[in-house]
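Everything on this sheet refers to the single structure shown next.
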């Protein structure tokens, strides 16, 4: 009797605190996710009330859709370059603004600001920069590679995407690195100095090993963000020039809603999810193992 | 334990990715303004439909407008309509691709009562749409310009639009010193001679070309499907031939003639150094200011009368003048109104039909279309004349029966797919034969 009461009491507490979150999460995440998986088994066009069950046909069709794999490859390249640059940049900035330079709080705020602007707005602003401001500067100063719009050349348009994404994300990652840097115990640093470490050695052998967990988080966040990029892709290049910068999220959207092939589009979304989840989990697993080994 | 929770978090965040892909929320809506009022009304309708229909005052309908230049006019009209008839119309605007936007709305079970769509959308959404065959306006032009599927008319032709070469006569006359009459220049040779004359006279690049998908693929390249016997059957037969692989574009006169004209325009394109950096608004400015004399676009252009009213439209001069290609202006009902029958109550459907009748037969409705929105009406009973010069120019072709059929049943992804191909051609990445091959491949993949 008493045991049962205790259980009830616990259950009540649990529902009280976790219930709302669980319900919200189920409604906006789990249910659509499962429903989405169901849609991959149909040939729905996104409009009709009728959904014909076609089994695994869509999963077979993915492998014939070479354009999808192109956009996937593009996403991987974009993410790989962006993730490295974002983290190098973010760590550099964090190191700079914790080193005690003048006005460092101002710089912290400044570097973080781009992250507060939504991806769509940011894309349109940079579109103006790349296709108008830079071109006009390039033509007046006779700088060859600036005098035509970057957005009309496939490789330069990709570079533009990466630059903007680094600019946008490194401020946020910088905050995490700042937290990591200030969390390094003072006595360890002092001990290092007494032992005769130079600045570079101090960074390499004392500070960096203490920051593994910051790196794990930042890498995880930047990888998922880059794989999911849609808004920036849409507003900066809109997949152009001639569809050469259309990344996976955008391709999936086009497939489902513009080509009116929702079943296949949804299947490709599931594929994108699997790839993204796989990469993230692998990275977290490796990071965690290192972290445990270091400590 | 820590490891587990971290993995859990990873799974959660990656799940968001998928949800993010599925539900893109970038719609531009201004529903919030009337939200409390309309919510109240719809609840009332749901609970006591009879009470609502008896009073007749309570009906409230929604209308989706997809023409950005008409946003203010529609808002204004809704206020007047409410005063005149007591029916509340809530106007919503979206700048999304209409079919995509409606697919999202129908997926969530909340479409609009009246929707302004493009013609291909009528075929896609047909199962949800109200059959309008019994309406009065059918006899006054509805059957000609509305979309008919299996003998039933499903759409109300809101307006007629034309596609072609816009000219700024003032800018041309300033250079040449003589009056510009478009029919003096409607062959490629005469047209090129004029372009040369303009260039020599100081207008460095007399043509503006857009880089947008819809303009390049659907409007410019669309002429290939339009100029096929000047009939729906001719266009359909040509498209079927493309799908089955029978038609070889490189051996097709219309294709080569069209691409020759494209090359000619490209040669004098003000954005020629970097054609894919073209900007629609900049082109609009160049044209309005007279920096260029020609702009391939359509009768919907409005913001060009700051400097001069001597602006009009002409067909694109082509080598192959079969099917009146150099005489007839491509015209058709592009935007069209449809009524939802699945989610709207019978009262709302009736109110929507009444609204369409009001547009055609009521003085206020006619003046809203013709005077406020300067659109060319599709109905024979309306004798009001449009005043905007481009519309006047287009209307003169329509009144002289000098119009080319506009094939508008192209697939939804024709714009993005063929647009990308034409962009590649335009920027010199592929040649004409490669371009033709890619277009053939696109159509054959649809078979």
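Legend: translational diffusion of chain B by Stokes-Einstein, Rh = Kirkwood radius over C-alpha pairs, 20 °C, 1.002 mPa s; D = 90 µm²/s. Averaging Cα coordinates gives a centre for the stretch A:217-295 and one for the stretch A:119-184; these two points are 20 Å apart. Between B:188, B:206, B:157, the GNM of chain B built on Cα springs shorter than 10 angstrom shows B:188 fluctuating the most.
For the stretch B:67-103 versus the stretch A:15-50, the spacing of their alpha-carbon centroids is 32 Å. Averaged over residues, the count of other Cβ atoms within 10 Å places the peptides B:137-147, B:293-303 in the sequence B:293-303, B:137-147, highest first.
Can you work out the base-10 log of I(q)/I(0) for the stretch B:294-357 at q = 0.15, 0.18 1/Å, using the Debye formula on its C-alpha atoms alone? Evaluating at q = 0.15, 0.18 Å⁻¹ gives log10 I(q)/I(0) of -0.72, -0.80. Counting Cβ atoms of other protein chains within 10 Å of each residue's Cβ and taking the mean over peptide B:199-211 gives 0. Computed on the Cα atoms alone, the convex hull of the stretch B:338-428 gives a volume of 174 cubic angstrom per residue. On a per residue basis, the convex hull of the C-alpha atoms belonging to the stretch B:155-284 measures out at 159 Å³.
Once each part is reduced to its C-alpha centroid, what is the distance from the stretch B:134-153 to the stretch B:396-430 in angstrom? Going from one Cα centre to the other spans 26 Å. By other beta-carbon atoms within 10 Å, ranking B:358, A:126 with the fewest at the front produces B:358, A:126. Relative contact order of the stretch A:59-294, taken over Cα pairs closer than 8 Å and 6 or more residues apart, is 29 percent. Quarter the surface of the alpha carbon convex hull of chain A and you get the mean projected area, 24.2 square nanometres.
How would the stretch B:53-187 be classified by its alpha-carbon gyration tensor: rounded, prolate or oblate, with rounded meaning a/c under 1.5 and the a/b versus b/c comparison settling the rest? Taking the square roots of the gyration eigenvalues as a ≥ b ≥ c, the stretch B:53-187 is prolate. Across the alpha-carbon set of the stretch B:257-296, the Rg to Rh ratio works out to 0.98, Rh being the Kirkwood radius.
Rounded to the nearest 10 degrees, the angle from helix B:432-446 to the longest Cα principal axis of chain B is 30 degrees.
Give the Debye-formula value of log10 I(q)/I(0) at each listed q (0.06, 0.09, 0.11 Å⁻¹), with one equal scatterer per alpha carbon of the protein assembly as shown, two decimals each. Taken in order of the listed q values, log10 I(q)/I(0) reads -0.46, -0.97, -1.32. For the options B:351, B:273, B:378, a Gaussian network treatment of chain B with springs between C-alpha atoms closer than 10 Å singles out B:273 as fluctuating the most.
Is the C-alpha gyration tensor of the stretch A:105-251 telling us rounded, prolate or oblate? Criteria: a/c under 1.5 is rounded; beyond that, a/b larger than b/c is prolate, otherwise oblate. Note, shape of the stretch A:105-251 comes out prolate. Ranking of A:230, B:112 by neighbouring Cβ atoms within 10 Å, starting from the fewest: A:230, B:112. Only beta bridges with both residues in the protein assembly as shown are counted; by DSSP, about 65 percent of them are antiparallel.
Of the two radii for the stretch A:183-285, the radius of gyration is 1.27 times the Kirkwood radius, both from the alpha carbons; that is the Rg over Rh value. Structure remark: mean-square fluctuation, Gaussian network model of chain B, C-alpha springs under 10 Å; the largest value among B:178, B:211, B:335 belongs to B:178. Computed from the alpha carbon positions, the gyration tensor of the stretch A:57-109 leads to an equivalent ellipsoid with semi-axes of 44, 9, 7 Å, biggest first. Each of A:108, B:254 has some number of other Cβ atoms within 10 Å of its Cβ, and from fewest to most they run A:108, B:254.
Neighbouring Cβ atoms from other chains, within 10 Å of the Cβ of residues in A:257-264, number 5 on average. Residue by residue along A:241-248, Cβ atoms of other protein chains within 10 Å of the local Cβ number 5 on average.
Rule-based calculations on the coordinates, nothing more; no lab input. Bear in mind the structure is a predicted one, so any value in this text is a computation, not a measurement. All Cβ positions, glycine included, derive from the backbone under ideal geometry; neighbour counts span all protein chains shown.
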